[in-house]
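To start, the structure under review is shown below, and the notes come after it.
Throughout, read-outs are computed from the coordinates displayed, never taken from laboratory work. Since the structure is predicted, the reported quantities are computational estimates derived from the model, not experimental observations. Glycine also receives a Cβ, built like all others from the backbone with ideal geometry; neighbour counts cover every protein chain displayed.
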Amino acid sequence: MFCAPCFWPELGATGLLGTVGILTLVLWSCSGDVFIHMASSLYSLPCSTIDLEVANPTYEWVRDGAGPKLLSVTEEGHLLFQNFQAADSGNYTCTVSYTEHGLPVSQTFHYRVFGYHVLGGLETLLVFHSKLCEDEWNKMFLWDLLEMLKQLEIELHCKIRPKKTVCFPSADNPSNEFVVQIQLEVSFFGPNWDEQCKPQGVEVDIDCYRKTVQQSLETVEPAMNKFFTKKATFHITGHDVSKIVFNMAFVGFLEIKTCSKGYGQTKQLPRCLKCCIVCPPGTFSPPTDTQCSPCPIGTYSMIYGTAFCIPCKDGMITQGMGARSATDCMKNETTRHVDSIIRKIPIPLFIILPLVGSVNLLFILSSCYWYQKEYRPSSPATSKIAGVIKTAVTKIRQIPSQSPWSHHSASARSTSETDTSQEGEKLTPPKTPNLAAVSDNTPAVLELENKMPVIELPSRNADQHH
C-alpha cells in the first residue's frame, strides 16, 4: 500500500497574544486500495498504516455519501466490517488528531474499499414427480425444502438459494403425473465460512480463501447428495388437498466458476487476477456476465455491486454511458430545445408588449387629433363638406339593391313600356308609391321597404296588346 505524507501548517483562530494564530500541523496521507472478501466474518481496517505512538489520540471515520448506517470503530481507531457485503464498498476517510510538543496535529488517511470473492460455486438440479402442477403447491414445497436445508447450511457454512423452478407434464404419464424441476445455487460464502483464514492488517491471505472454497466443494456435494438420498419423498399438506407427495427422481451437481451478480473480473487485484471485484457505481453485472459493463444511455447505478442499472424516469436520457446518479438523467435534445424556447419566451414578451401597446395608443390618439382638426364643424368649409357627404350618402341609400327579382321586373317592364321607353328612355320608380293613382292603362309598381325587389303588375291593355 502506497502512502505519500504531506505536511502543511493550518492557521486557526487568533490565539497567542491575540495576534498570532494557532498553528496546527496537518499530515495528509493518500492511502491505497483495500480489498475485502465477500461475507468476511470480521475485518479490521486500521486508521493508520503505521504505528503512531502518541498520547490520547482521537479517531474519526467518515464514508463518502454514507447513509444512516453507523460505523463501528474500536478504541484503537480500527474500522470493523462484519459480514462484509458489496454495498459496504466505497471511499472511507480516517482522521486521527493528537497533540505533539504542545501543538495540535491531525493526520488523515484515505481508503478505497472494494469487495471481491474468489471463484467457486455449485449448482444443484432436483427433479421430482408429483400429481399436481400448480404454482401455489410448488411454492409451498420449495419453502419447506429450503427450511429442511437450513441445518445443512449451518453445518457446511454455505448458502442455498433457489434459482429457477419449472413444472410440466411427464412424458411417461402426461395425464396423471407431472415433473417438477428445481434449480438451486449453492454459495460457499456462508456464515463463518472464513474462520480458518485470519486477515493480517490490510493484507489478506487469498490462498487460504482458495483452499477453503475447494474444501467446501469437496464436502457440500456429498453432503447434499446424502441428504436427498435419505429424504426421497416429501409430503405437503394444504387446505383443499389432504396431502401432496413429491418423489425424488434425480439430483445432479455442476461446479461453476463465474462471478456473482454485481461482480466482475476487473483485474484490479494483482495478487488474484481471476478474482471477481465488485462493480463500482455507473457499472453493472448480471448473473450471467463475468465483466462489469457501464450502464447504457438512459440508465444509472448509484451503489456498488449492482446487477441491473436503473432506467431514468419520464423518458429522460443521460449524456453518455456509465451514469452514477439520477441527477445525470436529463431530457433529450428535442425536449430540451422546446423547454429552452418556452423559458425564453416570457422575457421578450415583457419587453415587446409594452412597446406595441404604446405605439397603438399613440396611433389612436394621433388619428383622433387629425380627424378633429380636418372635420370639426366650426369651420364653414367643413360644414359644407359634411353636407355634401350627407347628401351623397342619402342618395346612395335610395338606390335599390340589385337582385334576381329586380332583373326579372325590369324585363317585365320592357314588354309593357310605351314607344318612348322603347327609344331608350329610362324610367325611374317613384319615391313614394301611390296605389290609388294607378289606372288600368298604367302598370302598377310596388316598391317595398328595406330595398326589396320591385314587382310590376301588367295592365289589361298590355294583356290585350300581347
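For the stretch 108-196, the alpha-carbon coordinates run over 71, 25, 22 Å along the three principal axes, in decreasing order. Set the Förster distance to 30 Å, then compute FRET efficiency between V62 and I310 from the Cβ-Cβ distance, nearest 0.05. Result of the calculation: an efficiency of 0.70. Would you mind checking K267/K313; K150/K274; K159/K313; K164/K230; K159/K226; K164/K243 for any pair whose Cα atoms are more than 29 angstrom apart? Checking Cα-Cα distances, K267/K313; K150/K274; K159/K313 exceed 29 Å. A straight chain from E221 to E53 at 0.36 nm per residue would run longer than the Cα-Cα distance by 55.4 nm. Does the stretch 176-312 come out rounded, prolate or oblate, given a ≥ b ≥ c as the square roots of the eigenvalues of its C-alpha gyration tensor, rounded meaning a/c under 1.5 and, failing that, prolate meaning a/b above b/c? Taking the square roots of the gyration eigenvalues as a ≥ b ≥ c, the stretch 176-312 is oblate. Stretched out straight at 0.36 nm per residue, the stretch from T233 to E177 would grow longer than its current Cα-Cα span by 18.6 nm.
Between Q291 and S106, the modelled label-to-label distance comes to 4.3 nm, taking each label 7 Å out from Cα in the direction of the beta carbon. Run the numbers for E136 and K257: contour at 0.36 nm per residue of separation, minus the present Cα-Cα distance, in nm. Stretched out fully, the E136 to K257 stretch lengthens by 40.2 nm.
The alpha-carbon positions of the stretch 69-222 define a convex hull whose volume is 158 Å³ per residue. With the simple spin-label model, which puts each label point 7 Å out from Cα in the Cβ direction, the L353 to T74 separation comes to 7.1 nm. Positive contributions from Lys and Arg (+1) and negative ones from Asp and Glu (-1), summed over other residues with Cβ under 11 Å from the Cβ of K274, come out at +4.
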